[in-house]
1. Find how many whole Å separate the alpha carbon centroid of the range 11-71 from the alpha carbon centroid of the range 210-266.
2. Between Asp459 and Ala297, take the C-beta separation as r, use R0 = 35 Å, and let me know the FRET efficiency to the nearest 0.05.
3. Taking the mean number of other Cβ atoms within 10 Å as a proxy for protection, how do you rank 431-438, 366-373 from highest to lowest?
4. Please rank Asp380, Asp453, Asp78, fewest neighbouring Cβ atoms within 10 Å first, as an exposure proxy.
5. Place a label point 7 angstrom from the Cα of Glu83 along the Cα-to-Cβ direction, then list the residues of the range 56-75 whose backbone nitrogen is under 17 Å away.
6. Can you put Ser400, Ser233, Ser74 in order of Cβ neighbours within 10 angstrom, beginning with the fewest?
7. At a threshold of 8 angstrom on Cα-Cα distance, excluding pairs fewer than six apart, so keeping six or more, what relative contact order does the chain reach in percent?
8. Of Lys143/Lys221; Lys330/Lys406; Lys268/Lys471, which pairs sit farther than 18 Å apart, going by alpha carbon to alpha carbon?
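Taken together, the values in this text are just the output of simple stated rules run on the coordinates, not laboratory data. Note that the structure is a prediction, hence the values are computed from the model and not measured. Cβ: placed from backbone, ideal geometry, glycine included. Neighbour counts: every protein chain shown.
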Amino acid sequence: MKITNICCIGAGYVGGPTMAVLAQKCPHIKVTVVDLNKQRIADWNDADLNKLPIYEPGLADVVAEARNRNLFFSTEVDTAIDEAQMIFISVNTPTKTFGIGKGMAADLKYIELCARQIAKVSKDDKIIVEKSTLPVRTAEALKTILNFTGNGVKFQVLSNPEFLAEGTAVTDLHAPDRVLIGGGEDAEGQEAIAALVEVYNNWVPLENILTTRVWSSELSKLTANAFLAQRVSSINAISALCEQTGADVDEVAKAIGMDSRIGSKFLKASVGFGGSCFQKDILNLVYICQHYNLQEAAEYWLQVVKMNDYQEHRFANNIMKSLFNTVSSKKIAFLGWAFKKDTNDTRESAAIYVADELLQDRAEIHVYDPKVSAAQVYADLEYLQSNRIGEFVEKGAFLSSEEIRKLVTVHTEPYAALENAHAIAVLTEWDEFKTYDWQKIYDAMLKPAFVFDGRNVLDVSELEAIGFQVKSIGKG
């Protein structure tokens, strides 16, 4: 099948950038990205490219090239489904917050809704592509829904997981390490795989396109994220030991990273990993292991998440101890709220959890992030609190929206956030933080002036020469 019309359901962090690059590289294919969120679609269509709902370096240029040529953003979901030969499903698959599998299993309600809508609207055969991160065997469930609620049309379901790193997503899409496509082993399944291979081969060399059974593809995504998160938690575990022994975690990471069997990537100690994938996918993997009664395997992977939680707690506790065991009514300035630089994504950001711990002691937190809005900061903290409703928590641990907005101030300019602060916590590794006038910052802070560098991005010797008390991750 020659693909000339593609629809993507979901205009978020995966769907938007992926389809923008696909349209850029395949001008002969009409690509329509649909979403029920009218504001999100309006932002994708805004003439001001600075208002795109997703911030990624280089994304605005890609959208500018392809939009209204062969790339379209729309809320007309049924029309786009009806016209498309190939439909990518790129909707959110959050961790369940209630019911069976609460806290670990992926919530597939949006995936199921997509399948039922596709089945209802479709009048001809279609290829369905899983782009969202999904548990193993989801394709089987999708195919069951499509085949038993459809209009007699035939559906082929492929797994095509994304392996993007936020902040470098456009580069990753332009030159991927690999494109993974899983599908059925029968003739129809192989034909569907070939159709998607042909689409990617417009810019990705064939040797970088890997085809597998659908189950292998689904599991590969979870496993890849689990392995990467495992490396982060491993070096973070060593960072705690470094601080107690006088070792330098960067020196340790460099030494072990030069071993060709290990490599240097993802050995950067920090306050902890965040983002939409690592924790969610590991917990999903844990749940699957438990489902198949592989308890030891489940415990192994769960420890990666526990180590990440420990690192965030250790960082917040270090602030508390350094500020004489209380942060009540003290101004703590946060530099960064996004889970990493060069993105406005805050999902599972370490900043949220560090802030939450300090707020329990009624710290006054002032936040500056160059790409994250005040509305998002408040939404993150309120969502965390909402998950506590109905659960046993210590008296006073739950914070209302009013209390959060009283204790947390979000700034659009960094120096205002830092003025008169008792301490600064660096939670995101934005490059601009290195270029600030730190003498000016020191002069405007309360003394002793503490800096807690949760990303090890600042020049410690320079700051200490000015007079700062600097606490870094993994530095004894």
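1. 33
2. It comes out at approximately 0.25.
3. 366-373, 431-438
4. So the residues, fewest neighbours to most, are Asp78, Asp380, Asp453.
5. Output list for this probe position: 66-75.
6. Taking fewest neighbouring Cβ atoms as first place, the list is Ser400, Ser74, Ser233.
7. With pairs under 8 Å counted, the relative contact order is 12 percent.
8. The answer is Lys143/Lys221.
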